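So the structure is just underneath, and the comments pick up after that.
The values are calculated or read from the model by the stated rules, or taken from the named source; none is laboratory data. Everything quoted here is computed from the prediction, not taken from an experiment. Cβ placement follows ideal geometry from the backbone for every residue including glycine, while neighbour counts extend to all protein chains displayed.
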Number of protein chains: 2
Amino acid sequence: MSAPDAVRIARAGLARLMEPSDLTGLALVAVAGPEEAFRLIGARDGKAPAREQQAVAELLEGVAASRAEHRLDAGLERWRPRLPDAAPARDLDTMRRLGGGLLVPEDAGWPGQFDALGLGAPLCLWWRGAVEPAALPPVQDLMAVVGSRDATAYGRQVTSELASALVREAVTVVSGGAYGIDARAHEAALAAFDGLGGPAGTGATATAPGTLPGPCGGRPPTVAVMAGGLDRFYPAGNEDLLRRVAAAGVLLAEVSPGTAPTRWRFLQRNRLIAALCAATVVVEARWRSGALTTAHRAAEMGREVGAVPGSVYSANSAGCHRLLREGAALAVTDAAEALELLGGRPRPSSPTGSPGGERAPAHPLDVAGGGDTAGSREAVRSRDAARPHDGLDIQDLLLLDALPVRSASTPDKLAVVAGLGIGAVLGGLSRLQARGLARRLGDGWQRTRPD
Amino acid sequence: MSAPDAVRIARAGLARLMEPSDLTGLALVAVAGPEEAFRLIGARDGKAPAREQQAVAELLEGVAASRAEHRLDAGLERWRPRLPDAAPARDLDTMRRLGGGLLVPEDAGWPGQFDALGLGAPLCLWWRGAVEPAALPPVQDLMAVVGSRDATAYGRQVTSELASALVREAVTVVSGGAYGIDARAHEAALAAFDGLGGPAGTGATATAPGTLPGPCGGRPPTVAVMAGGLDRFYPAGNEDLLRRVAAAGVLLAEVSPGTAPTRWRFLQRNRLIAALCAATVVVEARWRSGALTTAHRAAEMGREVGAVPGSVYSANSAGCHRLLREGAALAVTDAAEALELLGGRPRPSSPTGSPGGERAPAHPLDVAGGGDTAGSREAVRSRDAARPHDGLDIQDLLLLDALPVRSASTPDKLAVVAGLGIGAVLGGLSRLQARGLARRLGDGWQRTRPD
């Protein structure tokens, strides 16, 4: 069910007047409703009505907001200078023309996971792309993959493997559309999607806006949550990439078209990424990095957070190690471990996996072993796989240690060397023989090679 | 106070008969005392006396020991075949000749930290080197630095930096004398010690056995806890290194001279390393690695455990990442973080640091910034150090975002762009100006560069 037009218009207007996370404004909307809030601000010279002032102050009492934010008149003073720029009908029209629209909390498809932000939930969500935000997968199938702009080759490689494995597992990769890790995450998600039969080529016009492209029943490979207005693609160097994200997935923003991204809006955008996804993985981040904000916000909301370890000499991993040391994140070394963050999520009827058939592993734990990754779990762990002596009890281990490899030894001598009774030696030799670890040689016994 | 000779002889004899962590044997010693235990085993064909059998079974009831270990007669059957090899007086003599000796729990200098092993505490400690084990530093100044034998260049570099920084902080580096990480840890500790004025050259004869070498008041730079007898240096490729460890520090083993290292003895040796030190740092370890045993044993005893992160593509870091994921270890990325594992230990009157003077930083957190490390904390974090806008409140951050860099803007215009009231803008501009972040230009304001 869609929200009434008047509500949509009011929220579109408010989004132009208020910065993201303006708690006074959000409180006013909560107590008065969006239409009345917009009307009240629009009454240019009116004072803050006592009733609303009281209600806003009471609502903010329970929130960790500064005293200044309790004052509705200060809010009015803040918002009113922007009234000349408020043109909600025009903004809605602009986004419609660009193949998008506006989702508001009153819409049935509003993502429930934003409730975790409490009063800080966004006023509305502008969107642009092939998939309406109302058609996003459920929260447990959304994973944020974020990191620093100046990614290293290592970070880019890990990001690519992670994002493509996630898409093959029907998980949508959410990121921030920035250079570096973000760009690589979107890029790899799109490539994996194409590999599964998603729309190839993907000029922005490849699919009608808001329709369900490709073979995936509308489950987009990737979502970019932006800090600026969606009328243009920012940063400029990512324009082509973001166009392709829009063609196969969707771009989201809480700020209106025409709004420039600023430090504040970047910070607040990060909370949206954290809230939208069941888990956030930070691939590379410096000691101080916006990606850490995303991780911390996610942790505060009880979302899962992963951090990819790296060289202790890499400044780009220092932030990840910081998260690990703080206990804010779990170490994630491959796609399977990233998927574990989503919990024991049952594999869906593999909407993106089925067209590719053999490329979709049966079990999350098999993902990294898919074969086309540079550093699969197998490669990293194989040489340490099960050994023949696993599961032997202490006495048999002692006996195995005592068995010579080149010569042979009698049970009596083995008893001395191993420090075992003769009964334990005889029983043990037959158990080791059964496992192929020992063999007879004349009167004696020896260990079979290789160890 | 020294233990009576008869007790020392008895424990030396028992060490030859019993494998490390032979709980039946250790229980017998606990209930009957070492002399009676040795006598009882020596009564070649005597049955297990009912009283001792009962006491051993009762003692082991409370321990997680297997049923088989409750049976004293099975123990006797195990130990007696080795009686012909038991020659405690000869073993004691051998170790004396090699510049060492035997420490037993009845000695006043017995390291109290082995109590954490409960019944599994070693029967005795053979030693060889320049420092009697009774003169070891207190547990909070002992740190284990361990890892895999096939270390990478990365692991070796981290180990070197860690071990040398620890020694400069008067922490003794404990390891297992093996190839790879262990060898590098001993090596770097010795080099740092030499740099501080420790005995240079260090042939095994450089100092009289058991005396306090160099400038450090007997605090050894490094301790090697070995899995085999101390009459020879094993592995052969580390012979020169281990001689130098003996010359400046000490080698320890619970097994008698002449005893070969076996898988079991390696495993049990790891518990000694874990128990001896307040903290254990694993620098590199494969998915399955002996170093993980050390870490797990340390964690079980409530000791601190650190693991050094590395590339997710390195099999040699997979074990470290495993420890991090299990929550068994804290990520350690430099010496300062390793020192944090030792708690807020007050810097001692810097016995190893004082001769070097300026090389001993005033505070543990300064260690990695010492300058001679390839990847100091500074290098890894510096570019992310404090920024001029740190500590600005939200409104001033919004204002800073709104200030143009090339042109200038009036307060009225800034109020619209920043979404702030005019009062907040005027107050904010003066605060930003005071921080050097904003300046007047004609009627307007601009941001000062660089950002």
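Computed quantities for the displayed model
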| quantity | calculated |
| --- | --- |
| Positions within region A:107-132 being under 18 Å from the mean Cα position of the chain (by Cα) and closer than 16 Å to A:MET1 by Cα, in sequence order | A:PRO111, A:GLY112 |
| Unmet requirement for B:PRO49, which otherwise passes all of (1) within 18 Å of B:ALA121 (Cβ to Cβ); (2) surrounded by fewer than 24 Cβ atoms within 10 Å (Cβ to Cβ) | (1) |
| Matching residues, region B:267-290, being at the interface with chain A (Cβ under 9 Å from one of its Cβ atoms) and in contact with an Asp or Glu (Cβ under 9 Å, 6 or more places away or on another chain) | B:ARG286, B:TRP287, B:ARG288, B:SER289 |
| Matching residues, region A:271-294, being more than 25 Å from A:ALA170 (Cβ to Cβ) and among the polar types (S, T, N, Q) | A:SER289, A:THR293 |
| Residue identified as surrounded by 20 or more Cβ atoms within 10 Å (Cβ to Cβ) and either of a type in the set (Gly, Ala, Ser) or assigned by TED's automatic domain parsing to the domain that holds B:VAL145 (or both) among B:GLU304, B:GLU300 | B:GLU304 |
| Residue in region A:255-266 that is in contact with a Gly (Cβ under 6 Å, 6 or more places away or on another chain), closer than 30 Å to B:ASN316 by Cβ and within 14 Å of another protein chain (Cβ to nearest Cβ) present | no |
| Pairs, first more than 8 Å from chain B (Cβ to nearest Cβ) in region A:312-328, second assigned to a helix (DSSP H, G or I) and surrounded by fewer than 20 Cβ atoms within 10 Å (Cβ to Cβ), C-beta under 6 Å, six or more apart | A:ALA328/A:ALA299 |
| Scan of region B:142-159 for residues that are within 13 Å of chain A (Cβ to nearest Cβ) and within 15 Å of the chain's Cα centre (by Cα), ordered by number | B:SER148, B:VAL158, B:THR159 |
| Test: residue in region B:23-30 that is over 30 Å from B:ALA224 (Cβ atoms) and among the small types (Gly, Ala, Ser) | no |
| Members of region A:329-341 found to be acidic (Asp, Glu) and more than 11 Å from chain B (Cβ to nearest Cβ), listed by number | none |
| Pair list, Cβ under 8 Å, 6 or more apart: region A:78-104 residue within 14 Å of chain B (Cβ to nearest Cβ), other residue surrounded by 18 or more Cβ atoms within 10 Å (Cβ to Cβ) and acidic (Asp, Glu) | A:ARG78/A:ASP22 |
| Residue that is out of contact with any helix residue (DSSP H, G or I) (no Cβ under 8 Å at 6 or more places or on another chain) and either surrounded by fewer than 14 Cβ atoms within 10 Å (Cβ to Cβ) or within 27 Å of A:THR24 (Cα to Cα) (or both), where the choices are B:LEU441, B:LEU414 | B:LEU441 |
| Cβ-Cβ under 8 Å pairs, at least 6 apart or on other chains, region B:405-428 side facing another protein chain (nearest Cβ under 7 Å), far side surrounded by fewer than 23 Cβ atoms within 10 Å (Cβ to Cβ) and outside any helix (DSSP H, G or I) | B:ALA415/B:GLY421 |
| Subset of region B:33-50 (residues that are closer than 24 Å to B:GLU106 by Cα and without any contact (Cβ under 8 Å) to a residue 40 or more places away in the chain) | B:GLY33, B:GLU35, B:GLU36, B:ALA37, B:PHE38, B:ARG39, B:LEU40 |
| Matching residues, region A:325-342, being of a type in the set (Asp, Glu), within 14 Å of B:HIS321 (Cβ to Cβ) and part of a helix (DSSP H, G or I) | A:GLU337, A:GLU340 |
| Criterion violated by B:LEU400 - all others in (1) free of Cβ contacts under 8 Å to residues at least 12 places away in the same chain; (2) within 10 Å of chain A (Cβ to nearest Cβ); (3) of a type outside the set (Lys, Arg) satisfied | (1) |
| Conditions (1) in contact with a helix residue (DSSP H, G or I) (Cβ under 8 Å, 6 or more places away or on another chain); (2) at pLDDT below 95: number failed by A:ALA134 | (1) |
| Flag for B:ALA434 being modelled with pLDDT of 60 or more, within 12 Å of chain A (Cβ to nearest Cβ) and more than 21 Å from B:VAL158 (Cβ to Cβ) | no |
| Strands (runs of 3 or more DSSP E) within region B:234-324 that include 2 or more residues under 30 Å from A:GLY327 (Cα atoms) | B:279-284, B:304-307 |
| Residue within region A:356-378 that is part of a helix (DSSP H, G or I), within 10 Å of chain B (Cβ to nearest Cβ), at pLDDT 50 or above and more than 26 Å from A:ARG149 (Cα to Cα) present | yes |
| Among the residues listed as A:ARG67, A:ARG128, A:ARG80, A:ARG71, the single one being among the charged types (D, E, K, R) and in contact with a Gly (Cβ under 8 Å, 6 or more places away or on another chain) | A:ARG128 |
